[in-house]
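Down below is the structure, laid out as structure tokens.
The values are calculated or read from the model by the stated rules, or taken from the named source; none is laboratory data. Bear in mind the structure is a predicted one, so any value in this text is a computation, not a measurement. No Cβ is skipped: glycine too gets one built from the backbone with ideal geometry, and neighbour counts run over all protein chains shown. The accessibility values were calculated without ligands, DNA or RNA, using every heavy atom of the protein model including side chains. Shrake-Rupley method; radii C 1.70, N 1.55, O 1.52, S 1.80 Å.
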Amino acid sequence: MSQSLESISNGTTVYVKHIKASGLKVKLLEMGFCEGKELRVLYRAPLGDPIAIEIGSYVLSLRKDEAREIEVEMNETLRP
Amino acid sequence: MKIALLGNPNTGKSSVFNLLTGLRQHVGNFPGVTVDRKFGKIKINDQESTLIDFPGTYSIYPRSKDEKVVFDSLSNSDNADYPDVVAVVIDAANLERNLLFFTQIYDLKLPTVLILNMTDIAQRKAIRYKLDGLQALFPEAVIVESNARIKSGKDRIEQALVSAPKRTGDNFLENASLLSPEDLAGQEQETELRFAKIRDELENLQSIAEKIKTRSEKIDRILVHPFFGYVIFAGILMIIFQFIYAFSSFPMDFIDSTFMSLSSWITSWMPAGIFTDLLTQGIIPGIGGVVIFIPQIALLFFFIGILEETGYLSRVVFIMDRILRPLGLNGKSVVPLLSSVACAIPGVMAARTISDWKERMITIMVAPLMSCSARIPVYTLLIAIVIPKETVGGIFGLQGLVLFGLYALGTISALLVAVLLKAIIKTKEKGFLLLEMPSYKIPRWGNVGITVLEKVRVFVWDAGKIILAISIILWALATYGPSDNMEKASNLAQKEAIGMQLSESESEQFIASAKLESSYIGIMGKSIEPAIKPLGYDWKIGIALITSFAAREVFVGSMATIYAVHDDGEFNSTLMEKMKASRHSDGTPVYTIAAGVSLMVFFAFAMQCMSTLAVVKRETKSWKWPLIQMGYMGILAYLGAWITFIILS
């Protein structure tokens with residue numbers, strides 16, 4: 001079952017399932033959010049926004065609005 | 001030979017640029033955008049080349065206006081910056097994402113150098129990669145390892161740049177071709193294909209040891225803490241401002257007195273005449289007026305440079321972004337706005353780091369409303385004249401409360417105008433944050449020093465020209481009058497002075513006052529009197545308002561000239577007495593509480609600073625924004641002062 005990255009609590013590791021179609025999609029892809037990518041939610045700024053995420057070997061902060069575009073799942077699906 | 005230096009942000013690209021060019025760098029313009037075009041001449045094996053530092057981007061396809069220069073310069077061989085060789089800097093600790101951009105560049109089939117940078121950090125993070133495997137993946141690129149922060153790898157990079165071979169046709173992605181920047185669907189597809197291949201290849205090329213909690217992650221626990229994060233940030237700001245105030249006043253006083261004595265020294269041996277006057281009263285004080293800002297600019301960018309180099313600045317953005325966003329600002333607006341409390345000039349220049357165009361414009365437009373240090377002499381003088389020394393509620397001095405109120409007025413109005421501009425300024429770009437949080441590093445003093453030098457150089461050359469020109473015009477307007485007006489006035493004043501049996505210095509001041517009154521500026525000041533009368537001002541204030549367009553603190557000096565008293569700095573008791581005693585033609589006093597506060601409100605809002613205007617012109621690359629800024633601040637000043645006067649009288 002997939003959910004939006006925005007709703008994942010700190011310290012959880014998740015995997016990218018899908019990015020919603022929008023003008024932002026290609027930018028998110030370029031930042032490394034490709035399908036199956038492992039993410040770890042690190043911490044949130046006060047008011048819960050923005051969110052810092054470890055993606056690969058770097059840390060990216062993104063706003064809630066941007067995190068909402070990314071659907072993730074808890075289990076790694078093996079890529080074909 | 002032209003060499004393009006490219007790479008993702010935070011890869012140490014500017015360290016590589018500094019390593020290769022040292023102090024031989026110049027700053028120019030990319031056409032049509034607000035990013036600087038930094039370039040430097042380098043000599044390798046007696047061959048001279050130009051190295052161009054492009055803005056850091058994650059993709060060849062532009063995601064903002066400023067990133068467009070990368071695509072434009074690389075996609076068109078007729079472009080003035082189309083390179084002969086491309087050098088891409090890559091963060092060795094972050095190969096996967098960095099390789100996306102590298103493979104895009106590799107597939108352009110230009111001679112290519114891959115600079116694997118920050119190899120030490122990769123090592124610390126226990127990331128290992130196979131260099132020969134990487135070379136096999138990109139057979140036509142020259143790959144070098146470097147660690148530019150500790151100045152390692154310069155020779156290797158230089159030799160790679162001159163030995164990069166002509167390309168014969170190897171592609172990373174089969175049948176890759178450069179897409180149009182508008183073809184988002186095509187770009188999505190291409191990005192997915194590239195990443196799929198990169199990830200496959202990296203499985204064999206790279207090994208990452210089991211994730212260990214990095215030092216940065218531990219530091220972040222404190223620095224972005226919902227409470228301590230803000231406390232620490234406030235503390236750091238306090239320290240920075242203390243340093244700026246403590247260390248800039250001495251060099252500023254020194255510059256001031258040096259230029260004054262230079263002027264009087266030249267006056268003493270040059271023949272009297274227009275040319276000497278132009279030199280000693282127009283040009284030299286004009287240059288002095290530019291140089292005097294250097295200490296503040298240098299100090300502020302020294303500290304900003306450190307914050308940026310260490311990686312702390314992105315944490316500040318992280319904790320401030322949500323708070324400032326509803327105002328149309330960005331987490332990155334914090335530093336420019338707070339810098340403006342010292343001086344709006346470095347504040348506006350610091351707004352450069354805001355990548356979103358709209359948020360940067362709003363920040364620049366409201367920065368001069370923050371109460372800068374040049375307003376202090378004006379406020380001090382006027383408060384001393386019109387605000388009684390009383391205490392309110394037993395503890396608060398009324399004078400101090402008024403000063404606090406003026407600072408609050410500046411800050412609140414800056415934030416309100418920001419909200420307004422957010423609704424007014426339209427942009428096609430959708431603002432996003434997506435900010436990398438680099439790992440903490442020890443700052444490299446060389447990089448900080450070069451940033452400081454560059455900012456000072458840009459200010460002196462680009463804004464300095466405009467400041468000098470305006471100050472010469474203002475000098476001419478204050479020194480000359482129509483036909484023989486001034487001569488008549490000065491002769492008359494001389495006679496009167498003799499009649500009043502004034503001392504030599506007193507009569508000199510008396511004549512100077514009469515001359516200023518009959519100059520073009522004097523005439524302008526008198527002719528705007530009907531317009532400023534509703535605010536409670538007389539023509540003398542009118543004159544000082546026009547002269548203080550040069551800089552706010554000039555108001556005090558102009559008042560001293562007009563009231564024919566010696567200008568001896570901020571606490572001028574003779575001037576205060578004379579101003580207190582001055583009357584309108586109907587006998588009522590000029591400096592009532594209403595008129596005095598109205599004048600302070602005027603100074604809180606009005607864009608009385610040509611240097612800030614010059615810097616805004618330089619930073620926005622057009623006259624449109626500084627003119628709009630001067631206009632809206634002028635209207636705000638007039639209305640604010642008018643309403644204040646009506647309420648208080």
Residue tally, condition open to solvent by less than 10 Å² (accessible area, probe 1.4 Å) and either within 14 Å of B:ALA414 (Cα to Cα) or of a type in the set (D, E, K, R) (or both), over the stretch B:310-329: 4
Top-ranked residue of the stretch B:316-359 - restricted to ones that are in a helix (DSSP H, G or I), touching a residue at least 24 places away in the same chain (Cβ under 8 Å) and among the charged types (D, E, K, R), ranked as nearest to the other protein chains (Cβ to nearest Cβ): B:ASP321
Test: B:GLY557 is part of a helix (DSSP H, G or I) and farther than 21 Å from B:GLU517 by Cβ: no
Residue, nearest to B:ASP107 (Cα to Cα), within the stretch B:225-238, restricted to residues that are modelled with pLDDT under 90 and either open to solvent by less than 50 Å² (accessible area, probe 1.4 Å) or within 26 Å of the chain's Cα centre (by Cα) (or both): B:LEU237
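What do you reckon, is A:GLY23 farther than 26 Å from B:TYR440 by Cβ, exposed (fewer than 14 other Cβ atoms within 10 Å of the Cβ) and within 11 Å of chain B (Cβ to nearest Cβ)?
On the way: farther than 26 Å from B:TYR440 by Cβ: yes; exposed (fewer than 14 other Cβ atoms within 10 Å of the Cβ): yes; within 11 Å of chain B (Cβ to nearest Cβ): yes.
Judged against the criteria, A:GLY23 is a match.
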Residue that is nearest to the other protein chains (Cβ to nearest Cβ) [pool: residues in the stretch A:36-49 that are closer than 21 Å to B:SER59 by Cβ and without any contact (Cβ under 8 Å) to a residue 40 or more places away in the chain]: A:LYS37
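Do we have B:THR427 as open to solvent by 50 Å² or more (accessible area, probe 1.4 Å), within 14 Å of another protein chain (Cβ to nearest Cβ) and within 25 Å of the chain's Cα centre (by Cα) here? Break it down stepwise before answering.
Numbers: open to solvent by 50 Å² or more (accessible area, probe 1.4 Å): yes; within 14 Å of another protein chain (Cβ to nearest Cβ): yes; within 25 Å of the chain's Cα centre (by Cα): yes.
Yes.
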Strands (runs of 3 or more DSSP E) fully within the stretch B:105-222 counting 1 or more residues that are of a type in the set (D, E, K, R) and modelled with pLDDT of 90 or more: B:141-145
Every residue from the stretch B:474-493 that is surrounded by 15 or more Cβ atoms within 10 Å (Cβ to Cβ), part of a helix (DSSP H, G or I) and of a type outside the set (Gly, Ala, Ser): B:LEU474, B:TRP475, B:LEU477, B:THR479, B:ASN485, B:MET486
Test result for B:LEU223, within 30 Å of A:ASN10 (Cβ to Cβ), hydrophobic (A, V, I, L, M, F, W, C), within 14 Å of another protein chain (Cβ to nearest Cβ) and without any contact (Cβ under 8 Å) to a residue 40 or more places away in the chain: no
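If I filter the stretch A:20-38 for residues that are part of a strand (DSSP E or B) and of a type outside the set (A, V, I, L, M), do I get at least one hit?
First pass over the stretch A:20-38, keeping only residues part of a strand (DSSP E or B): A:38.
Adding the requirement that they be of a type outside the set (A, V, I, L, M) leaves A:38.
Yes, the stretch A:20-38 contains a residue that is part of a strand (DSSP E or B) and of a type outside the set (A, V, I, L, M).
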Qualifying positions in the stretch B:153-189 - open to solvent by 40 Å² or more (accessible area, probe 1.4 Å) and within 30 Å of B:GLY22 (Cα to Cα): B:LYS154, B:ASP155, B:ARG156, B:GLN159, B:VAL162, B:SER163, B:PRO165, B:LYS166
